[in-house]
Amino acid sequence: MATQAVKVNGEESKGNELARRVTGSLDGTKEFLHDVRVEMKQVTWPSRDDVVSTTGVVIATVAFFGVFLAIVEKLAQMGLDRLLKYFHV
């Protein structure tokens with residue numbers, strides 16, 4: 001009889017602990033989402049003109065370095081070819 005009472009009390013405490021965890025995680029999630037909403041209201045978003053201009057700068061920079069690196073690679077390849085021809089390889 002005494003062992004059954006201990007088992008029942010142990011199962012009830014496990015159930016209470018699980019309920020506490022679930023309730024705690026729901027409260028934590030609600031608090032997190034509230035904090036996210038508050039922080040998002042404080043963000044200073046860029047204007048459309050700012051986004052368009054910075055996007056243009058990024059595209060131009062990527063294009064420039066793409067062409068630059070293609071030229072450097074071609075020159076390195078030509079130099080290596082001449083070096084290998086010099087040594088008859």
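A simple charge model with +1 on the Cβ of Lys and Arg, -1 on the Cβ of Asp and Glu and nothing else charged puts the dipole of the range 24-70 at about 140 debye relative to its Cα centre. Here each label is just a point 7 Å from Cα along the line to Cβ, and for residue 87 and residue 64 those points are 3.7 nm apart.
Here, each number is a calculation from the coordinates, and none is a lab measurement. Source: prediction; values computed, not measured. Glycine also receives a Cβ, built like all others from the backbone with ideal geometry; neighbour counts cover every protein chain displayed.
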